[in-house]
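Down below is the structure, laid out as structure tokens.
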Amino acid sequence: MTEVAIEFAHRFCPNCGTPNANLGSIPFRCDACGFANFFGPCGAVGALVTNEHNQLLLVRRARDPERGKWGLPGGFVDRSETIEQALAREVFEETRLKVSSYEFLMSHPNDYHYGGIIVAVIDTFFVCKVSNAAEIALQASELTEFRYVDKDSPLFDQMAFPSNRIAIDYWINSDSID
């Protein structure tokens, strides 16, 4: 299957069905009805969960995209949800861990490849502490394995998403966050 950026997937206006005369243009604007879609990035969160030894929690993906590669707990922000709410929800859904404190680390753009479509995402990363670190229970449909790793882990070269690796490198090299 050939992947296409989402702006090339809009061959017809989703509002009135008129063929798109300017395929690939950003924003999409329908000449017939005036509908516009700016293809703004979706919001996502990533949690750098650390333990008492300042080791980082990595989780192995159970499904595509990038099945079998490592990542950070996290996921998409739902409608009517704050970034912080999404952070706590995603960490809990995937690991059953309860975020007790968090500190914003950074944000970074990401392209999410799924079902032949490439969607722009803005990932926001937080360094998190959890109140129940010994109680990890992975959501089997999402994750197959977890490991707490040191800052020199070779698993960092097996990350599912480049933005996760960038956030990890930033965390490792940051003087303000230990």
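The values are calculated or read from the model by the stated rules, or taken from the named source; none is laboratory data. Just so we're clear, the structure is a prediction, and the values are computed from it rather than from any experiment. Neighbour counts run over all protein chains shown; Cβ positions are idealised from the backbone, glycine included. In case anyone asks, the SASA skips ligands and DNA or RNA and just uses the protein heavy atoms, side chains included. Shrake-Rupley method; radii C 1.70, N 1.55, O 1.52, S 1.80 Å.
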Carbon and sulfur atoms: what percent of the 1.4 Å accessible area of the stretch 42-143 do they account for? 49
Net charge of neighbours whose Cβ lies under 9 Å from the Cβ of I118, counting Lys and Arg as +1 and Asp and Glu as -1: -2
Here are some values of Rg and Dmax of the Cα atoms in Å: [x] 17.6, 51; [y] 18.5, 60; [z] 15.9, 50. Which one was computed from this structure? [y]
To the nearest Å², the heavy-atom accessible area per residue of the chain with 1.4 Å probe amounts to 55
Which residue, L58, L155, L23, has the most motion in a Gaussian network model of the chain that connects Cα atoms within less than 10 Å? L23
When the Karplus curve 6.51 cos²θ - 1.76 cosθ + 1.60 is applied with θ = phi - 60°, which whole-Hz ³J(HN,Hα) does each residue of the stretch 58-65 get, with x for Gly and Pro? 10, 10, 9, 6, 9, 8, 6, x
Considering only DSSP states other than H, G, I, E and B, which trypsin sites (Lys or Arg not before Pro) in the stretch 95-172 qualify as loop sites with at most 16 other Cβ atoms within 10 Å? R96, K98, K151
Charge dipole (the stretch 87-152, unit charges on Cβ, about Cα centre) - positive-most of L143, V119, P109: L143
Amide H contacts under 5 Å for L143, placed H, 5+ residues apart: A62
Rounded to whole angstrom, the alpha-carbon centroid of the stretch 1-74 lies from that of the stretch 101-168 at a distance of 16
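Whenever you get a sec, line up H53, H113 from highest to lowest accessible area (probe 1.4 Å, protein heavy atoms). Display every interim value, and only then the final one.
Details: H53 125, H113 75 Å².
From most accessible down to least: H53, H113.
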Under a 10 Å cutoff between Cα atoms, tell me which one of F156, F92, F35 has the largest fluctuation in the Gaussian network model of the chain. F35
Trypsin sites (Lys or Arg not before Pro) restricted to DSSP loop in the stretch 1-91 with at most 13 other C-beta within 10 Å: R11, R63, R67, R79
Let me have the relative contact order for the stretch 48-178, percent, based on Cα pairs under 8 Å that are six or more residues apart. 34
Karplus (6.51, -1.76, 1.60) ³J(HN,Hα), θ = phi - 60°, over the stretch 158-169, in Hz, Gly and Pro reported as x: 10, 6, 5, 10, x, 5, 4, 5, 4, 5, 5, 4
Once the other residues with Cβ under 14 Å from the Cβ of Y102 are scored (Lys, Arg +1; Asp, Glu -1), what is the net sum? 0
Derived scalar couplings ³J(HN,Hα) [the stretch 82-88; Karplus, 6.51 cos²θ - 1.76 cosθ + 1.60; whole Hz; x for Gly, Pro]: 7, 4, 5, 5, 4, 4, 4
